[in-house]
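K.L.:
Please read through the structure below; I'll follow up with questions.
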Amino acid sequence: HGSHQSASKFIDHILKFKDGMAITDDQVAKLQAIKTDFKKTKIKMKAEIQLTSVDLHDLLRDDKGPLNEVEAKLKELYNARAAMYFASVKSTRDAKSVLTAEQRARMKTVHDRIKAHKDSGMGTKGHPGGSKHHEKDQKG
């Protein structure tokens, strides 16, 4: 299934189109809670990855250091990265489970249209910074 976007971006995407997808206030609250929990988890996991990386670099500086310690630290680092990726996948699934079958179908239709548009080479060129060119200028 191609690349996985982070759970936060996925939930933001749902909320961006909440009116068109008929997302209820209760669903918005649940989605926001999932997003907040994921963001907190991600912050902790990123810190753990950074700390483990510092420890690994410390071990690698010693050319005579025990290789089993280097191997263990490498495994710890990759397990931490895998755990963070898994947390994102799980949060994305949790977010999808908040939606009704009809809402998931609408979301897939929108996603397929966007993907087809990008695959055709149109993409988002000409819209630097994600400018909201469809909104009316609010200046008085």
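K.L.:
Looking only at segment 62-95, how many residues end up being among the basic types (K, R), farther than 15 Å from T41 by Cβ and modelled with pLDDT of 95 or more?
P.N.:
The qualifying residues number 2.
K.L.:
From the list D37, D58, which one is farther than 15 Å from I11 by Cα and part of a helix (DSSP H, G or I)?
P.N.:
Answer to the check: D58.
K.L.:
Restricting to segment 1-56, what's the tally of residues that are modelled with pLDDT of 90 or more, surrounded by fewer than 13 Cβ atoms within 10 Å (Cβ to Cβ), polar (S, T, N, Q) and closer than 18 Å to V89 by Cβ?
P.N.:
Residues that pass the stated criteria total 1.
K.L.:
Quickly run through segment 1-25 and pick out the residues that are part of a loop (DSSP other than H, G, I, E, B) and under 13 Å from the mean Cα position of the chain (by Cα).
P.N.:
S3, H4, Q5, S6
K.L.:
Quickly run through segment 70-100 and pick out the residues that are of a type in the set (A, V, I, L, M, F, W, C) and not in a helix (DSSP H, G or I).
P.N.:
Passing the criteria: only L99.
K.L.:
Which of the residues spanning segment 79-96 are open to solvent by 30 Å² or more (accessible area, probe 1.4 Å) and not hydroxyl-bearing (S, T, Y)?
P.N.:
Within segment 79-96, N79, R81, A82, A83, M84, F86, V89, K90, R93, D94, K96 meet the criteria.
K.L.:
Which of the residues that make up segment 26-69 are among the polar types (S, T, N, Q) and more than 27 Å from the chain's Cα centre (by Cα)?
P.N.:
Narrowing segment 26-69 to residues among the polar types (S, T, N, Q): 27, 32, 36, 41, 50, 52-53, 68.
Hit for segment 26-69 is N68, nothing else.
K.L.:
Which of the residues that make up segment 47-89 are under 30 Å from Q27 (Cα atoms) and without any contact (Cβ under 8 Å) to a residue 24 or more places away in the chain?
P.N.:
Correct list: A82, F86.
K.L.:
Still on this structure: Looking at L99, L60, which one is surrounded by 11 or more Cβ atoms within 10 Å (Cβ to Cβ) and closer than 30 Å to G20 by Cα?
P.N.:
Answer to the check: L99.
The values are calculated or read from the model by the stated rules, or taken from the named source; none is laboratory data. Everything numeric here is computed off the predicted structure, so don't read it as measured data. Glycine also receives a Cβ, built like all others from the backbone with ideal geometry; neighbour counts cover every protein chain displayed. Protein only, heavy atoms only, side chains kept; ligands, DNA and RNA dropped before computing areas. Shrake-Rupley method; radii C 1.70, N 1.55, O 1.52, S 1.80 Å.
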